[in-house]
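**Q** Supplied in structure tokens, the structure appears directly below.
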Amino acid sequence: MTPKSPRPTGAFVGASWAALLVGAVVYLIGLWNAAMALNEKGYYFTLLLYGLFSAVSLQKSVRDRLEGIPVTGIYFGLCWVSLGLSVILLGVGLWNATLSASEKGFYAMAFLLALFGAVAVQKNVRDLALFQDDAGSAEPLDAA
């Protein structure tokens, strides 16, 4: 195992959760209130879920490699491709959407904030799990 990173502070943990929740909830509120077809709303909703999953999966794969846990190259590559595709697909969707520039920027920034928050929350969960293991936690933790 590699040297441990310092224990995340409560402020960083709170800011990470806030970034994830604010980004995702604001994005979803924007979708709910948007005057677009239901299939278009579904497209943007699916991209949010796909982006969040791929960002968390990539963060976990990077962390696993740093800690010496084997991660296959194909999975690691698929994580990068998935994250890139989610961002590209959002960009293409917004480029072709009949939305004002401010609405397009709103969706892009909320999406990126949610991705950042998901990665930071995943890192914090993993770091805190390591500290709980060192403290002699009686129950086994499934390191996320």
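**Q** Under the rule a/c < 1.5 gives rounded, and otherwise a/b versus b/c splits prolate from oblate, where does the chain land using the Cα gyration tensor?
**A** Prolate, since a/c reaches 1.5 and a/b exceeds b/c.
**Q** Across the chain, how many lysine pairs separated by 8 or more positions, or lying on different chains, have Cα atoms within less than 21 Å?
**A** 4
**Q** Quick check: net charge around Gln59, other residues with Cβ under 9 Å of its Cβ, Lys/Arg +1 and Asp/Glu -1? Please report the intermediate quantities before stating the final value.
**A** Details: positive: Lys60, Arg63, Lys123, Arg126; negative: none.
In short, +4.
**Q** Give the relative contact order (percent, whole number) for the chain; include only Cα pairs under 8 Å separated by 6+ residues.
**A** Answer for the chain is 43 percent.
Rule-based calculations on the coordinates, nothing more; no lab input. Keep in mind that what you see is a predicted model, and the values were worked out from it rather than measured. Glycine also receives a Cβ, built like all others from the backbone with ideal geometry; neighbour counts cover every protein chain displayed.
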